[in-house]
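Here is the structure we will look at, set down as structure tokens.
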Amino acid sequence: YVRLEEDLQAGRRNREMAQREQQRAILAVRPRGGSDFETLTTLYRQIFAYLLSYYDGPGEKDRNVEREVAAALESVFPRIGLKSFVLLSPEEKRAQLDEMAKIVLGIRLFNREMGKGGAGLPNTEEMVFSDAMEIKEALEAESQSVQDLCNVYQETIVYVHVKAPPAVTEKMAQRWKEELANRRQYLSYLQSLQEDISVSLHKIQTERETFVADLKELEAMVGGRSSVPKEHVYPKFEDAAISWLKLVEEAKVVSVRRATLQELQDHSSSYHTTLTADSPIVYAAKAQKAQSMQEEEKLSVGADDKDGGAAEDKLADGGSGGGGG
């Protein structure tokens, strides 16, 4: 579990470092002036490469992705904008690059929703929810199964302690106690993983709703219009990209949760247990518990009847007293 978490964090750090390195390369480009066409062209290509790698999706970048990013870049940041970009401070350049990348991604996500683009952008908002729900259900089923097994062990161990059946040796009873401890430990790991996946599901549902709402708002704003004020629509593209990127990150977390569950199950199945559900001793323990429950129920019913009879006697006495008065 710890190793998988560390791998996840390392992957995130590596992506951030790669983006910072690309930003540094862009900031290092210094044209000699507005007429330095060659350097400005190099700068624009580097900005394009930065936007192309901003979303590190699976698979190789294909020509359709490149065409979409190039078209969105030209719309958001025409080449003429390079002259003002080079005059910005390093902090302002970094901020503009980040904003630009999110707007371009948001445009492509919106186009994907409209069926007019979105090459290389998977339906993460639906896939991650489906994956998380699948893991949640698998964990619930596994936890319940292990809990039932722990109950079987507990009933059997108590039965052996009370009845001391001659067929059960002290060594066998001790082994069952060790197996129960092992199953309880396994159950605690499953329950911890359940808490983790519940947290992920909450994040996924929140960001998914936000993302869908952003796309619907964009659709209402853009509609069939040929042009929309950039100051109105660009922030929405950016918001949509932010929500979607959070879902992408959460998908990686969910993938780690799935791998953790698989490792737990593999480790659990390799542990040899000596007490099975169809063992005679298990049947005897269950029968003893059922008998004890029946006896307790009879005692409870008898006590209720006795209390009820006493209450009726009091009412009768009260009624007689009232009539004599």
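The values are calculated or read from the model by the stated rules, or taken from the named source; none is laboratory data. Please read these numbers as outputs of a predicted model, since none were measured by experiment. FYI the Cβ positions are ideal-geometry reconstructions off the backbone, even for glycines, and counts take in every protein chain you see. Surface accessibility is based on the protein's heavy atoms, side chains included, excluding ligands, DNA and RNA. Shrake-Rupley method; radii C 1.70, N 1.55, O 1.52, S 1.80 Å.
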| task | Taking 7 Å along the Cα-to-C-beta vector as the label spot, tell me the Ala119-Gln265 distance in nanometres, rounded to one decimal. | result | 3.8 nm
| Inter-site label distance for Ser279 and Glu6 at 7 Å from Cα along Cβ, in nm | 3.8 nm
| request: Evaluate the distance, in nm, between pseudo-label points positioned 7 Å from the Cα of Glu295 and of Asp62 along their respective Cα→Cβ axes. | output: 7.3 nm
| query | Pick from Gly33, Gly106, Gly120: which is most flexible by mean-square fluctuation in a GNM of the chain where alpha carbon atoms under 10 Å apart are linked? | reply | Gly33
| field | Listed residue (Leu149, Ala220, Leu180) projecting farthest to the positive dipole end of the stretch 131-229, Cβ model | value | Leu180
| request: Name the residue farthest towards the positive end of the dipole of the chain from the options Thr276, Gln19, Val248, assuming +1 on Cβ of Lys and Arg, -1 on Cβ of Asp and Glu, about the Cα centre. | output: Gln19
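With +1 assigned to the C-beta of every Lys and Arg and -1 to the C-beta of every Asp and Glu, and no other charges, what is the dipole magnitude of the stretch 129-181 about the Cα centre in debye, to the nearest 20? Mind showing how you got there, number by number?
Working: 5 positive and 10 negative charges, 104 e Å.
The calculated dipole for the stretch 129-181 is roughly 500 debye.
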| remark: At the level of C-alpha centres, the distance separating the stretch 155-232 and the stretch 261-283, in angstrom, is 21 Å
| Difference of contour (0.36 nm per residue) and Cα-Cα distance, Glu195 to Leu88 | 33.9 nm
| message | Distance between the C-alpha centers of the stretch 88-122 and the stretch 126-153? Whole Å please. | response | 38 Å
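Among the listed pairs Lys116/Lys136; Lys102/Lys203; Lys216/Lys246, which are separated by more than 24 Å between their Cα atoms? Could you put the intermediate results ahead of the total?
On the way: Lys116/Lys136 34 Å; Lys102/Lys203 20 Å; Lys216/Lys246 18 Å.
In this structure, Lys116/Lys136 exceed 24 Å between Cα atoms.
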| task | Among Glu219, Glu170, Glu195, determine the one that fluctuates most according to a GNM of the chain built with springs between C-alpha atoms less than 10 Å apart. | result | Glu170
| message | With a cut-off of 8 Å between alpha carbons and a minimum separation of six or more residues, what is the relative contact order of the chain in percent? | response | 21 percent
| Residues in the stretch 127-163 near a label at Ala181, defined as backbone nitrogen under 16 Å from the 7 Å Cα→Cβ point? | 154, 157
| request: Using a 1.4 angstrom probe on heavy atoms only, work out the carbon and sulfur share of the accessible area of the stretch 28-157 in %. | output: 51 percent
| Using the Karplus equation 6.51 cos²θ - 1.76 cosθ + 1.60 (θ = phi - 60°), what ³J(HN,Hα) coupling, rounded to whole Hz, does each residue of the stretch 153-159 give in order, writing x for Gly and Pro? | 4, 4, 4, 5, 5, 5, 4
| query | With point charges of +1 on the Cβ of Lys and Arg and -1 on the Cβ of Asp and Glu, referenced to the Cα centre of the stretch 178-268, which listed residue (Ile204, His267, Tyr189) lies farthest in the positive direction of the dipole? | reply | Ile204
| message | Calculate log10 I(q)/I(0) of the stretch 5-151 for q = 0.10, 0.13, 0.15 Å⁻¹, where I(q) comes from the Debye formula with a single equal point scatterer on each Cα and nothing for solvent. | response | -0.49, -0.71, -0.87
